[in-house]
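Data block below; observations after.
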Amino acid sequence: MQTGQFQPSKSVIRVSPFEGYTSYAPYTCTQCAEGWCMTACPVGAIQINVAGAKDVIDDTCVGCKLCTIACPYGTMFYDGDTQKAYKCNLCGGAPACASACPTQAITFEEAETADWIGDFAAERTARVLTLEPR
Amino acid sequence: MPARHLIVGGGTAGLNTIRTIREEERMRGLDASEITLVAAERPYSRMVLPYYLWGTISESHVYTAPPAALTAWKVKALVGRKAKALDTAARTLTLDDDATVEYDDCLIATGSRAAKAPIPGADGPGVHCFWTLDEAKEVVATIAPGSRVVMIGAGFIAFTILNAILARGARLTIVEVAPRILPRMVDDACAGIVQRWLEDHDVAVRVGATVTKIEQAGGRRKLSFKKGEPITADLVIMATGIRTNLEWLQGSGVQTASEAPGGIPVDDHLRSNVHSVYAAGDVARGRNLITGTDEVHAIEPTAQEHGRVVGANMSGRDVAYRGSLLMNIVEVAHLDVASFGQWEDPKAELYTALRAERSEYRKLLFHGGRLTGAVICGPAQAVWTTNDVGMLKGLVYSGVDLSRWKAHLRANPFDVKPAFIASHTTARLLPETVLGRPSQSPSLPQTVAL
């Protein structure tokens, strides 16, 4: 959505595989309270949009990548073609990931920001870790 | 009577302080205080000057607080004026035109300036720094397709403008006195990858090279070296370090550190030894988040966080600062290089992975179960497809316990994502805010009631 392309490598929602690719969980921006990307931007190119999401103003972004190292969640992206940063902006209030998901694994609702896959990932990696050589 | 805040310096730290004061006043329903800004230059972002040189943005894009905005924010802006002397007992600042400004509290955020290495001839024509907007304009006016450019210095600042120089069609040689490039941003192994990458992209690199003199030769510059052949250049850019702008504080009673690079020691509220005087950004010797030692970071994120903490405290809140994380990222010819925290640390446990044929490198540094530093390098395509640069910051910043994941990360330093997610790093980070409240959109309030 954000880059206008059908290109999974540019998606702002990434699906992480666990247990040798037998289970999956999507990971994207939590719209955190600090907004590390937003406060780090030297030209004010990241602002809060009507959906309450931190959103990159393309015309203002210079592509310096400071937001990509300021964001501690790994949910800022850089598009080498446009030389600008991009991120999940909740599609302005109608997230395409939620409407596209055929199994309603992704839903859009008003809630506190939360670590929604930490417990799942911890459980699904525990067994694999015990099998790895130490 | 409203408080009178004096902000000396219109860079990142100073403007973040002003914005935060106005945010706090609005959020808490306080009357607007008096804010005076003393700025030697019209406020702009140094961070984006490389893109102005590149030609991807216009000059108007670099300005951060146009006069109309400063008026809307009710800031009395004394632009083009420099601070001359601070009387901390009388709480008065004297300017270079001998006017005086009274204050209740004051922020010193005068930043730093480029310092040319003491090379004979470095003050001659055609030898530039690239630090201020005026210096950037000089380089923009001089550089042309086919120009031979010599960059003296191969640190972070030099690297931020390499793409712009190449995009302008210049032929570039980098000269570094240290035995390798990027000596204060990455380790030897990473520097080797970057140097080979540059050479593959037609950039000449001379390391361990001491320039002995720069002479004017028929409208060009001739550089002589302690060892090796001289080089002739149309344009020389020197990125050989910075100095803090603190000379004007002599006799003020505000302490500055004697060891290089100087700086004003500050407490966890960014106050100097004088209670009513704060310091922020490149002039502040603040806490390093990882080591706990006080040091000058001279990076944009530190200046921004310092400024916000000062603004909150000036507005009457009591905000302690945890400290700053050293971090840098730079890209040259589509090779991205980033480092976080203590990326060189003889006491740390090191996990490294080098894929020389792909120009990829990773280094993870541990103290026990805690990641305390990281280096990442690779072609842009690979780095931004994987996109775990920010996760490395999150792991270092949060100090989350990775004990269970160390064996996995030792074997797979490129597979950071599952460790980040399954260690509940997100849960650890979510409550973290610099000011103890959600951040606001960066647009300053458009109206400030007085």
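Each value in this text was obtained by applying a stated rule to the coordinates, not by laboratory testing. Bear in mind that the values here come from a model prediction, so they are computed numbers and not experimental data. Quick reminder, even Gly has a Cβ in these numbers, built from the backbone with ideal geometry, and neighbours come from all protein chains shown.
Quick notes
- Choice from B:Pro261, B:Pro413, B:Pro438 showing the highest fluctuation, given a GNM over chain B with Cα pairs closer than 10 Å: B:Pro438
- Taking max minus min of the alpha-carbon positions on each principal axis, the range A:8-130 gives extents of 46, 30, 28 Å, largest first.
- For the pair the range B:360-399 / the range B:235-255, the C-alpha centres are spaced 33 Å from each other.
- In the range A:8-130, lysine pairs with alpha-carbon atoms under 14 angstrom apart (chain gap of 8 or more, or interchain): 5
- Working note: Karplus 6.51/-1.76/1.60 with θ = phi - 60° gives the range A:48-53 the couplings 8, 8, 4, 7, x, 9 Hz, where Gly and Pro are set to x.
- Expected 222 nm ellipticity per residue - DSSP helices of 4 or more, -39500 (n - 2.57), all of chain B, to 500: -7000 deg cm²/dmol
- Listed residues B:Gln304, B:Leu249, B:Ser272: farthest to the positive end of the dipole of the range B:247-336 (Cβ charges): B:Ser272
- The charge dipole of the protein assembly as shown, taken about its Cα centre with unit charges on the Cβ atoms of Lys, Arg (+1), Asp and Glu (-1) only, comes to about 900 debye.
- Relative contact order [Cα under 8 Å, 6+ residues apart], chain B, whole percent: 16
- Loop chymotrypsin sites (Phe, Trp or Tyr not before Pro), the range B:144-227 (other Cβ atoms within 10 Å of the site Cβ: 11 or fewer; DSSP): none
- Per-residue HN-Hα couplings for the range B:143-156 [Karplus 6.51, -1.76, 1.60; θ = phi - 60°; Hz; x = Gly/Pro]: 6, 8, x, x, 4, 8, 10, 10, 9, 9, x, 10, x, 4
- For chain A, the longest site-free run once chymotrypsin sites (Phe, Trp or Tyr not before Pro) in DSSP loop states with at most 13 other Cβ atoms within 10 Å are removed: A:22-134
- Contact order for the range A:8-130, expressed relative to its length and based on alpha carbon pairs under 8 Å spaced 6+ residues apart, stands at 25 percent.
- Remark: the range B:204-333 carries a charge dipole of roughly 480 debye about the Cα centre, counting +1 on each Lys and Arg Cβ and -1 on each Asp and Glu Cβ.
- Proximal charge balance of A:Gln5 [Cβ under 12 Å; K/R count +1, D/E count -1]: -1
- Looking at the range B:31-107, none of the trypsin sites (Lys or Arg not before Pro) sits in a DSSP loop with at most 14 other Cβ atoms within 10 Å of its own Cβ.
- Separation between Cα centres of the range B:56-83 and the range A:78-134, rounded to whole Å: 40
- Inter-site label distance for A:Val50 and B:Glu135 at 7 Å from Cα along Cβ, in nm: 4.5
- Rounded FRET efficiency, nearest 0.05, which uses the C-beta distance separating A:Trp116 from A:Ala33 and R0 of 22 Å: 0.90
- In order through the range B:365-371: 3J(HN,Hα) via Karplus (6.51 cos²θ - 1.76 cosθ + 1.60), integer Hz, x for Gly, Pro: 10, 10, 10, x, x, 9, 7
- Each residue of the range B:1-60 gets 93 Å³ once the volume of the Cα convex hull is shared out per residue.
- Fluctuation leader among A:Gln83, A:Gln104, A:Gln31 - chain A, Gaussian network, Cα springs under 10 angstrom: A:Gln104
- Rounded if a/c under 1.5, otherwise prolate or oblate - the protein assembly as shown, Cα gyration tensor axes: oblate
- Test item: Cα-centred dipole of chain B, Lys/Arg +1 and Asp/Glu -1 on Cβ, debye: 580
- GNM on chain B, alpha-carbon springs under 10 angstrom: the most fluctuating residue among B:Ala298, B:Ala260, B:Ala333 is B:Ala260.
- Options B:Asn387, B:Ala178, B:Ala407, ranked by Cα towards positive dipole end of the protein assembly as shown, top entry (Cβ charges): B:Ala178
- Residues of the range B:136-158 with an amide N closer than 14 Å to a point placed 7 Å from the Cα of B:Asp202 along the Cα-to-Cβ direction: B:145-149.
- Gyration tensor (alpha-carbon) shape descriptor, chain B, a/c threshold 1.5: oblate
- The range A:66-134: GluC sites (Glu not before Pro) in DSSP coil with no more than 14 other Cβ atoms inside 10 Å: A:Glu109, A:Glu110, A:Glu112
- Summary of the geometry: the range B:264-283 and the range B:1-53, compared by the centres of their Cα atoms, lie 16 Å apart.
- The alpha-carbon of B:Lys347 sits under 19 angstrom from the alpha-carbons of these aspartates and glutamates, leaving out residues fewer than 8 places away in its chain: B:Asp187, B:Asp188, B:Asp401.
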